[in-house]
Ligand SMILES: Nc1ncnc2c1ncn2[C@@H]1O[C@H](COP(=O)(O)OP(=O)(O)OP(=O)(O)O)[C@@H](O)[C@H]1O
Ligand SMILES: [Mg+2]
């Protein structure tokens with residue numbers, strides 16, 4: 001009885017991938033396991049299949065071959081890659097890339113909450129601007145939007161903010177107001193706001209209507225219901241796609257190099273335009289992007305765990 | 001004579017082209033317990049939801065404690081109040097739903113304390129003590145920090161009642177509070193309602209529990225097809241109803 005349980009639990013691992021690796025490492029054959037069975041208490045053998053072992057070995061082999069080819073190929077110039085990986089200008093570009101990602105996501109999410117609420121409002125005058133916004137920012141390429149913001153000074157050379165028929169609050173050249181930096185941040189954040197708005201909206205819609213009704217019956221105002229009842233429950237739905245959006249944003253920031261923003265990509269391109277090591281420098285950038293993406297994926301998993309519903313569905 | 005707690009006159013309500021309430025006239029005196037009964041789709045829930053303005057009216061008046069809940073009147077027209085004012089008036093009317101509708105991200109205690117702190121702006125510590133006392137009163141003194149999904153249906157509904165009571169309402173509305181419960185859990189919820197009736201709370205209760213209605217109600221109202229067919233003291237309505245429709249309904253459910 002005891003042997004059966006131990007062996008069974010050992011081999012019938014619920015996660016098939018792990019049991020496959022374990023079996024390969026431990027090298028126990030089916031026959032060895034079967035030998036532990038007795039006529040009264042036979043052993044359940046449910047280890048990896050032969051085909052799985054061959055498949056895994058083949059995949060690992062091909063992977064190693066490709067890796068070897070890449071490492072050995074002199075055209076990749078790995079010494080250049082490692083020379084420049086921690087170059088101060090590269091790190092400076094990396095810093096801006098991270099900052100743009102964080103800032104654009106923060107502004108984008110704030111915008112998205114406003115847009116989502118407007119979009120779901122019963123009043124047409126609130127819905128109309130929100131729908132138009134989404135239509136425009138989702139309907140045009142981000143690259144074009146960035147160039148557009150960058151060239152805003154060309155369209156509106158003078159920017160004056162004044163109270164209608166009243167005093168002037170601000171007046172100046174658009175070139176001072178819309179620097180490449182503001183154009184980049186504005187472009188990324190406004191675009192992100194449009195995409196996040198749909199995510200926030202689906203989160204809001206997932207919240208039980210009955211709870212909102214109960215809140216209304218208790219005399220809570222709409223804004224209080226949004227902040228206290230709806231949004232805290234919507235975050236659970238919003239977090240996983242927001243993680244994806246952030247990872248996407250990290251790489252979208254590379255687009256700002258076209259408007260001469262000193263981000264990671266721009267930094268490596270500046271170097272390679274001098275040294276002509278285009279591919280090695282792009283590898284430098286990619287290694288950083290990959291590292292950041294891995295960190296974010298890890299953090300996303302942790303965050304999702306924290307917001308996991310605690311045994312929902314227990315309601316009758 | 002004092003102002004009745006609820007006074008409904010010629011209340012009409014349509015959803016699109018379907019007229020769901022066709023001129024309801026009802027009064028509920030202070031401290032009175034009124035039970036609403038009637039077949040499915042007769043408009044009981046809709047009427048209840050009109051009282052605290054969760055639904056808008058098409059015509060007619062509903063006054064709670066002498067005051068219109070969702071409207072201001074000028075001559076023969078009613079105009080909807082700003083949502084803040086409606087919210088303030090709703091805060092004085094408690095409502096308990098068939099499906100409990102507890103805030104699922106909050107513990108029992110937080111559910112009860114949320115509105116007194118957030119809406120009435122009362123001090124947290126004081127509200128917390130009161131909320132604890134209320135939960136103890138409904139028999140949940142040991143489940144203060146449980147989340148809704150950790151509670152049985154009957155326990156959830158008792159939290160929902162405590163949540164409504166925490167606002168010190170003048171009037172309590174119950175929409176089939178036991179219909180979503182397993183039979184063995186119905187009693188514990190009805191016991192809480194029975195206590196409230198004993199303490200003189202004014203209540204309107206939509207229910208299918210006929211024997212309970214007979215026991216606690218001061219007045220039973222039978223609705224059908226968006227109209228009040230018959231309203232009478234429970235012993236009269238259940239024992240010797242005057243209308244054929246009431247008799248027919250009662251023979252079907254009893
Ligand atoms: N939001 C709505 N939109 C359209 N029709 C509705 C809406 N709410 C209720 N109705 C309709 O109004 C009528 C009355 O519904 P109501 O829920 O008031 O009945 P009820 O007496 O409470 O029935 P039950 O015993 O099944 O709860 C029904 O025909 C229903 O379909
Ligand atoms: Mg109903």
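The values are calculated or read from the model by the stated rules, or taken from the named source; none is laboratory data. Nothing here was measured: the structure is a model prediction, and the numbers come from that model. Here Cβ is always computed from backbone atoms with ideal geometry, including for glycine, and neighbour counts include all displayed protein chains.
Structure notes:
- Taking the stretch B:144-172 as the range and being more than 8 Å from every other protein chain (Cβ to nearest Cβ), within 30 Å of residue B:121 (Cβ to Cβ) and surrounded by 20 or more Cβ atoms within 10 Å (Cβ to Cβ) as the test, the residues that pass are B:151, B:155, B:157, B:158, B:159, B:161, B:162, B:165, B:166, B:169, B:171, B:172.
- Pairs, first farther than 17 Å from residue A:253 by Cβ in the stretch A:141-160, second part of a loop (DSSP other than H, G, I, E, B), C-beta under 7 Å, six or more apart: A:152/A:178; A:153/A:178
- Checking each residue in the stretch B:26-62 for being more than 14 Å from ligand 1 (Cβ to nearest atom), over 15 Å from residue B:226 (Cβ atoms) and surrounded by fewer than 19 Cβ atoms within 10 Å (Cβ to Cβ) picks out B:27, B:29, B:30, B:31, B:61.
- Condition met for residue B:6 (within 14 Å of chain A (Cβ to nearest Cβ), away from ligand 1 (no atom under 11 Å from the Cβ) and in contact with a helix residue (DSSP H, G or I) (Cβ under 7 Å, 6 or more places away or on another chain)): no
- Top-ranked residue of the stretch A:205-215 - restricted to ones that are assigned to a helix (DSSP H, G or I) and surrounded by fewer than 21 Cβ atoms within 10 Å (Cβ to Cβ), ranked as farthest from the other protein chains (Cβ to nearest Cβ): A:205
- Test: residue B:15 is under 17 Å from residue B:205 (Cβ atoms) and either away from ligand 1 (no atom under 12 Å from the Cβ) or more than 14 Å from every other protein chain (Cβ to nearest Cβ) (or both): no
- Exactly one residue out of B:83, B:104 is surrounded by 18 or more Cβ atoms within 10 Å (Cβ to Cβ), within 9 Å of chain A (Cβ to nearest Cβ) and away from ligand 1 (no atom under 16 Å from the Cβ): that is B:104.
- Qualifying residue in the stretch B:21-38 (condition: over 24 Å from residue B:92 (Cβ atoms) and more than 16 Å from ligand 2 (Cβ to nearest atom)): yes
- Which listed residue is on the phi < 0 side of the Ramachandran plot and either within 16 Å of ligand 2 (Cβ to nearest atom) or modelled with pLDDT under 95 (or both), from B:78, B:135: B:78
- Candidates A:269, A:233: the one that is out of contact with any helix residue (DSSP H, G or I) (no Cβ under 7 Å at 6 or more places or on another chain) and surrounded by 14 or more Cβ atoms within 10 Å (Cβ to Cβ) is A:233.
- Here residue B:94 meets each of (1) within 11 Å of chain A (Cβ to nearest Cβ); (2) modelled with pLDDT under 95 with one exception, condition (2).
- With respect to the conditions (1) touching a strand residue (DSSP E or B) at 6+ places or on another chain (Cβ under 7 Å); (2) within 16 Å of ligand 1 (Cβ to nearest atom); (3) on the phi < 0 side of the Ramachandran plot, residue B:226 falls short on a single one, namely (3).
- Number of residues in the stretch A:139-186 that are surrounded by 14 or more Cβ atoms within 10 Å (Cβ to Cβ) and more than 26 Å from residue A:97 (Cα to Cα): the value is 1.
- Checking A:200, A:207 one by one, the residue that is more than 19 Å from residue A:103 (Cβ to Cβ) and touching a helix residue (DSSP H, G or I) at 6+ places or on another chain (Cβ under 8 Å) is A:207 and no other.
- Condition broken by residue B:79, with the remaining ones in (1) more than 17 Å from the chain's Cα centre (by Cα); (2) under 30 Å from residue B:190 (Cβ atoms) satisfied: (2)
- Selection within the stretch B:87-110 - in contact (Cβ under 8 Å) with a residue 60 or more places away in the chain and closer than 16 Å to residue B:146 by Cβ: B:100, B:102
- Lone unmet requirement of (1) more than 14 Å from chain A (Cβ to nearest Cβ); (2) within 22 Å of residue B:29 (Cβ to Cβ); (3) within 16 Å of ligand 2 (Cβ to nearest atom) for residue B:197: (3)
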